[in-house]
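Reading through the structure tokens given below for one structure.
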Amino acid sequence: MRRWLAGRMLQAAVTLAIALVLLFLLVHILPGDPLAREGERALTPEQIEDLRRRYGLDRPLPSQLAAFLGGLGHGDLGTSIEYGRPVTALLLERLPATLLLGGAALLLNFTVGLWLGVRQAVRKDSREDRWLTTLSLTGYATPSFWLGLVLAGFVGVRWRLLPAAGMHDPLGAGDFLASSGDVLRHLILPAVTLSVVSIAGTMRYQRSAMIEVLRLPYIVTARAKGIPEHRVVWRHAWRNALFPVLTLFGLWLPILVSGSVFVEAVFAWPGLGSLAIAAVNNRDYPVLMGTSVVVALAVVLGTLASDVAYAVLDPRVRRS
């Protein structure tokens, strides 16, 4: 097991390194000048040259790449061109909000999605199964930013049932319980928006996998022995039907970080997504690379977590 895990971790590290190099090159070949300002924010040529030297933009691209990788090894992602602050500090300020939003979406996804997928498989071809299939396909095809605008417009603005933007009430004050309740109320709409597509995908994968497992001979034998149906479904069949969903977990982990960009923009959620949008608009290379590092790390860790979960559930994977 240790040898297998060491090999997977080495493979993940190499993948992360290649991804970071490619992301750095893609970000820096984009058109536009991060120091180009217009109107009242216009800079003189002398100021532009001074800033280029300060941020290392006057050096060749390979030299900039080497400096970025060297700083990354020490946890230094540089200084933001727009904010004039260390990128690491900006990421640490925004990361809790994104983790809260992504964690809530994951919780909804792998509770509601798994339960509905199993329910569909057990009631295959019933009216309930057809209705849930229609709803899941509709949810999977719905753009998250459009759904967010609809929920914010109707639930938040027109009906005033829940807050339509932000993470806190700027005029609200109170103890810990009141503050937590306020954050929870602001969290509901963006979390639901972000989890709709993921729940739909989880339902489809879980349904298909569960239907295949319920046809296997050992399930027929368990039923023939008189084992209660709920034990057959949840104790005997569900574990073996989790493998495709574990792959989804590794895929949804980075998507919930990168996909939250549009959701955070719609609901003005102060996380990494809104920070990434500001970095793109301002051509803030250090901040854009910082958010890209977080997404790349989420992709690698998600894939590694899926591999480890596979190995724990199925020892044959460790011997492959």
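The values are calculated or read from the model by the stated rules, or taken from the named source; none is laboratory data. All values derive from a computational prediction rather than experimental measurement. We place every Cβ from the backbone using ideal geometry, glycine too, and count neighbours over all the protein chains shown.
Among the residues of the stretch 248-270, the one identified as among the small types (Gly, Ala, Ser) and at pLDDT 90 or above is Ala268.
Within the bounds of the stretch 62-79, is there any residue that is out of contact with any Leu (no Cβ under 6 Å at 6 or more places or on another chain), over 30 Å from Tyr310 (Cβ atoms) and among the charged types (D, E, K, R)? Lay out the reasoning, then the answer.
Within the stretch 62-79, the subset out of contact with any Leu (no Cβ under 6 Å at 6 or more places or on another chain) is 62-79.
Of the ones still in play, those that are also over 30 Å from Tyr310 (Cβ atoms) are 62-71, 73-79.
Add one more test, that the residue is among the charged types (D, E, K, R), and what stays is 76.
Within the stretch 62-79, one or more residues are out of contact with any Leu (no Cβ under 6 Å at 6 or more places or on another chain), over 30 Å from Tyr310 (Cβ atoms) and among the charged types (D, E, K, R).
Yes or no, residue by residue, for (1) farther than 28 Å from Gly302 by Cα; (2) over 29 Å from the mean Cα position of the chain (by Cα):
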{"position": "Arg8", "(1), (2)": "no, no"}
{"position": "Gln11", "(1), (2)": "no, no"}
{"position": "Leu16", "(1), (2)": "no, no"}
{"position": "Leu20", "(1), (2)": "no, no"}
{"position": "Arg59", "(1), (2)": "yes, yes"}
{"position": "Gly73", "(1), (2)": "no, no"}
{"position": "Tyr83", "(1), (2)": "yes, no"}
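Quick one: which of Ser80, Ser136, Ser144 is within 30 Å of Phe68 (Cβ to Cβ), of a type in the set (S, T, N, Q) and buried (at least 19 other Cβ atoms within 10 Å of the Cβ)?
Values: Ser136 fails: within 30 Å of Phe68 (Cβ to Cβ); Ser144 fails: within 30 Å of Phe68 (Cβ to Cβ).
Exactly one residue qualifies, and that residue is Ser80.
Just checking, how many residues over the stretch 157-193 are buried (at least 19 other Cβ atoms within 10 Å of the Cβ) and either at pLDDT below 90 or of a type in the set (Gly, Ala, Ser) (or both)? Here the count works out to 2. Looking at the stretch 85-106, can you tell me whether even one residue there is touching a residue at least 12 places away in the same chain (Cβ under 8 Å) and in a loop (DSSP other than H, G, I, E, B)? There is no residue in the stretch 85-106 that is touching a residue at least 12 places away in the same chain (Cβ under 8 Å) and in a loop (DSSP other than H, G, I, E, B).
Residues that are small (Gly, Ala, Ser), closer than 20 Å to Val261 by Cα and at pLDDT 90 or above occur at least once in the stretch 68-80. Evaluated against (1) loosely packed, with under 13 Cβ neighbours inside 10 Å; (2) modelled with pLDDT under 90, Arg127 falls short on exactly one condition, (2). Scanning the stretch 98-119 for residues that are out of contact with any Leu (no Cβ under 8 Å at 6 or more places or on another chain) and surrounded by 19 or more Cβ atoms within 10 Å (Cβ to Cβ), we see that the one that is nearest to Ser198 (Cα to Cα) is Asn109.
Tell me the residue from Arg239, Arg231 that is modelled with pLDDT under 85 and surrounded by fewer than 16 Cβ atoms within 10 Å (Cβ to Cβ), please. Let's see the steps before the verdict.
Working: Arg231 fails: modelled with pLDDT under 85.
After applying the criteria, what remains is Arg239.
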